[in-house]
Amino acid sequence: MASISPAAATAAAVAGAHHCILLRSSPRRLPRPRPRPRLRLAACHADTLLPSSSPGARAPPTPAAGTSSSSAAADALADGFVHWLRSNGLPQGKVAIRERPVPCSREGNDLPLRHVAAGEDLQAGDVAFEVPMSLVVTLERVLGDESVAELLTTNKLSELACLALYLMYEKKQGKDSFWYPYIKELDRQRGRGQLAVESPLLWTESELDYLNGSPIREEVVARDEGIRREYNELDTLWFMAGSLFQQYPFDIPTEAFPFEIFKQAFVAVQSCVVHLQKVSLARRFALVPLGPPLLTYKSNCKAMLTADGDSVRLVVDRPYKAGEPLIVWCGPQPNSRLLLNYGFVDEDNPFDRIIIEVHINFWAISCIPKYRRSSISEKRMVAQRNGKLAIQNFQVYVGKERETVAEILPYLRLGYISDPDEMQSILSSEGDTCPVSPCTERAVLDQLVGYLKSRLAGYPTALDEDEAMLADVNLEPKKEVATRLVRLEKKMLHACLQAANEFINDLPDHTVSPCPAPYAPELK
């Protein structure tokens, strides 16, 4: 029967250390946090960025007496960030910066998460804020030469690597850097998503075990390798854009920053970068103050940060009451990508999906008896005619599992066709119809069912165990978000399994599966 393993992933980022600070003073490994009960706190300080006279606007609450030194420092930091924005041309808007407590504090040292909220009642279509391009970090601003930016990002270095390196050097300048208040804000957030969890790229090995059975484990490894390749090319940026780095009295990148430091900076930038549309290549990826991570991401939202002349603006897509967090669209990304990039999972994500990879060994003709080679060539032709490849990835979208199983079956049947007359009938037909006998159809469905069961067995927990864990209010945040991801993946696999069994039930009674075809497809 077919060999089975989860689908492989996409590339470009990192795994490793625990905290995602834009730049630490030294590369030492931080101690692994111990799970702590969640702290259920009241709403915290709200710093109104642009006060409004609207009767619906809320005044910032008076800080409680006896404020701790860490809270006072956080308030001072907020004031500094807001003052920096105002004094550098941020026009009047309708938003406020507020705080919410983290779900689980590491020994009480985790600062609350900050977010952009409505400063007054808003209606759909209102411009919540506009950030001038002078306050937006792009490659155009970093390199000062669009041709250099295009050369770098179409060669070996991504925009994220260039932006991360720039901010690391700026941070080394401390308060002398124009970007100091913004960098301090990014440091404060530490790459944490809206659930106060960092990307798995920064989890420890034991924390990554929460994701066992999920293809995301392979993605973490692939992205870590991709980040390391980019790190090894950082000196290229230094030499190609020498004029940029003349202002920094520091060593070349790979001597100034260990890999672990660059990795953390890369992931921090990844968590807050905005992909602007209808702009030049040098402005495509942007770091926008008031953008992520201060904005809340949702998959079923239409609002986006958009470039409009010399500014980036947010037009809201729904009404808000004063104090409600502003929501923006995170793009059509599955939950595995949301967790990898931003550290959260969206339970209502209509773009969530898993991949089923099917192989038909068209290339192994030299290993096949001569009398079978023409059949293999014909199968390849049928697959190509219907837009399929020798290695075909089928995207299983949430809610569309039965439709995807129906799409996979004609492709699987090709591997079981051995009768020349059946092959000629398929060649003469149109579309992806691939008629086979009921017994062969049972063999195809049995293979699919076996694959789905094997993939589900690769997870260390069952669905009911996941539900029980999520009911625990003291569940450690990383374990909670990982459990939510694998639970959603299992639900899609179970829906595929149910669809395959329903197709089996539609077969004539007593249909028995024959032995598998010698060159049956592989499911991965």
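The values are calculated or read from the model by the stated rules, or taken from the named source; none is laboratory data. Computed from a prediction, not measured in an experiment: that's the story for all the values here. Cβ sites come from the backbone with ideal geometry, for glycine too, and all protein chains shown count toward neighbours. Only protein heavy atoms, including side chains, enter the accessible area calculation; ligands, DNA and RNA are left aside. Shrake-Rupley method; radii C 1.70, N 1.55, O 1.52, S 1.80 Å.
Tabulated data for the structure shown
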| read-out | value |
| --- | --- |
| Options 120, 99; residue that is more than 30 Å from residue 162 (Cβ to Cβ), open to solvent by 10 Å² or more (accessible area, probe 1.4 Å) and at pLDDT 90 or above | 120 |
| Subset of region 268-281 that is of a type in the set (Gly, Ala, Ser) and crowded, with 22+ Cβ neighbours inside 10 Å - its residue that is farthest from residue 337 (Cα to Cα) | 268 |
| Matching residues, region 282-297, being more than 20 Å from residue 119 (Cβ to Cβ) and either without any contact (Cβ under 8 Å) to a residue 60 or more places away in the chain or open to solvent by 50 Å² or more (accessible area, probe 1.4 Å) (or both) | 283, 284 |
| Some residue of region 167-175 being within 17 Å of the chain's Cα centre (by Cα) and among the acidic types (Asp, Glu) | no |
| Selected residue (criterion: modelled with the highest pLDDT) from residues of region 406-457 that are outside any helix (DSSP H, G or I) and surrounded by 15 or more Cβ atoms within 10 Å (Cβ to Cβ) | 416 |
| Residues of region 332-355 satisfying the condition of being part of a loop (DSSP other than H, G, I, E, B) and under 22 Å from residue 95 (Cβ atoms) | 344 |
| Region 195-216: number of residues that are under 16 Å from residue 273 (Cβ atoms) and surrounded by fewer than 24 Cβ atoms within 10 Å (Cβ to Cβ) | 0 |
